[in-house]
Each structure stands twice: as structure tokens, then as C-alpha cells.
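Q: I have a structure I would like to understand better, so I am pasting it below and will then ask my questions one at a time.
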Amino acid sequence: MRDILPYSLNLDGQLIELSEPLVMGILNVTPDSFYAESRRQTEADIAKRAEQIVSEGGSIIDIGGYSTRPGAADVPEEEELARLRMALTIVRRTAPDTPLSIDTFRANVAHQCFDEFGPAIVNDVTGGSDPDMFPLVARLGLPYVLTCPTASPFNADFAEKLSRLRSLGQKDIILDPGFGFGKTLDENYVLMNQLEALKTFELPLLVGISRKSMIYRLLDCQPQDALNGTTVLHTMALERGAHILRVHDVAACREAIKIVAAVHRK
């Protein structure tokens, strides 16, 4: 964790400190996410997963009701909201003090979740495809994950999105380089190699690579066999200044963070 820049996020007055790397645990309430072990649909399974994330050292729970894997079925807005409402009710009860993130690209879904369950980080993997998203998060003061859905964040379109968010008064922006979104296998690894260059944006950096196809395609295995590769890339991301790691395997990720920190204390 070399030269990690200190940031904090304001979630309705609750400061989330990013001076040390945090783990964002994934909780999918979908029937078709690419990693089968991450799917949680019953009340008992959702509560158990939330408890697991917190007990293993997760600092944020990221809840998604719409699979973004390639070829996934479209989910009507009403269905996505129903899934999220069920999950949020359970997670707010199970882990009331843990900051939440809503994985959605729909502004109305984010708004409804805010109205019914309170503030949460908005994790938008499309980079603002919904024209109402930027004005919404700016007006509500919600931390926003801006994902780059193209080969590299170093382009005019991404710069324009950042400028637009800032012009609307958005304070807390988290940069996600978007591993696996709109990138070839080689482009994903070029991006990882150049990750440290993203410090020029002066934004906290979220890395989501857990068990993704850039790992299991390279290693010719399946998502359930991709934990070792995930940990290797998590270590590389930490060395390049990642602030938040979005993961399926919280305990393994916490171990990587602890080991990398120990190396740099010597």
C-alpha cells in the first residue's frame, strides 16, 4: 500500500475513513450472478451473508438486485426494487451500523432506496447511463461510484462525466476503473499495470476484480476456482493505491491487506 492518499466519504454525517484500505462485501440478491456462491435470495441467506461480511471484517455491504454479467437477462425496475427492498430490510436489521452501497444504474431505484432505507453509496457500473443519476446523487449528497465502462478512464468522455458531476455540486466521487466492463482480457491487465496512474484524478479508488472473467479466462478455470488469482490481483491493486476492494471473499481479502501493510511497515 504505497503512498495511499487519505480520503473520507460523508454518508449522512457518518465519515467513512479511507486512510487505510477497506473491504466492500458483495451481497447479490439475484438468481443469475456469474459467481453462483454469491447469490442470496432467501431471508435467512441474506441475513447470514450480511453477518458474514461484518464478522470477517467488511466495512461496507454492497447490495445488488440486477446482475451485470454478460448475457444476463434484463430485470424490470419493479423487480429490481422488490429484491432490494427485501434485502435492505434484512440488512438494516442485521447490520444496522454498517454503511451500505446500492449497486444500481437506475436513478429511480437509488431514489426509492434512499427514501425508504436512508443514505447509501450509489455504485453505478454504467458510468451514468441514466441521465437522472448525476443530478440525483448530487442533490441527495450520496457518495457515488463512477465506473469507467470503456478501455481506459483517460479519455474525453470520462473527463466530461467528472466535470459534470462536479458542476452539479457532487462532493464524494469514487473512481472505479471498471475491470471487466467494456475491456478485452489484455486491456484489463494493462489497466491493472497502470492503476497507479489513476492517482492523477485525485479521487479514492475502488477496485472490483473478485473472481471475474479476467482471472478465470486467463487461468482456464471457473469462478469458484478463482480465489487465488483474485488474491494476487488484490495484492497488486493494494500496491498501486486502491482504497476499497469490492469482494466476494472478505476474510481472504482482509488477510491480503494485513500482509501488504506489514511488509510496508518493515
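Q: Sum up the charges of everything whose Cβ sits under 9 Å from the Cβ of residue 133, counting Lys and Arg as +1 and Asp and Glu as -1, but leave residue 133 out.
A: Once positives and negatives cancel, what remains is -2.
Q: Also, I was wondering about something else. Once the dipole of segment 8-265 is set up with Lys and Arg at +1 and Asp and Glu at -1 on Cβ about the Cα centre, which of 147, 165, 263 lies farthest towards its positive end?
A: Of the listed residues, the answer is 263.
Q: So, one more: Could you tell me what percent of the DSSP beta bridges with both partners in the chain are antiparallel, to the nearest 5?
A: Bridges in the chain that DSSP calls antiparallel: roughly 15 percent.
Q: Decide, for segment 146-266, between rounded, prolate and oblate: order the square roots of the alpha carbon gyration tensor eigenvalues as a ≥ b ≥ c, take rounded if a/c falls under 1.5, and otherwise choose prolate if a/b is larger than b/c, else oblate.
A: oblate
Q: Loop-only check: which trypsin sites (Lys or Arg not before Pro) in segment 141-225 are DSSP coil with at most 12 other Cβ within 10 angstrom?
A: The qualifying sites are 217.
Q: Given charges of +1 on the Cβ of Lys and Arg and -1 on the Cβ of Asp and Glu, with all other atoms neutral, how large is the dipole of the chain about its Cα centre, in debye to the nearest 20?
A: 560
Q: Something else: Choose one of 100, 44, 10: the residue whose Cα lies farthest towards the positive end of the charge dipole of the chain (beta-carbon charges +1 Lys, Arg; -1 Asp, Glu; about the Cα centre).
A: Farthest towards the positive end: 10.
Q: Then there is this: When the Cα atoms of segment 8-265 are enclosed in a convex hull and the volume is divided per residue, what value in Å³ results?
A: 119
Read-outs throughout are calculated quantities, based only on the coordinates presented, and are distinct from any laboratory measurement. Because the structure is a prediction, the values reported are computed rather than measured. Every residue, glycine as well, gets a Cβ built from its backbone with ideal geometry; the counts of neighbours run over all protein chains shown.
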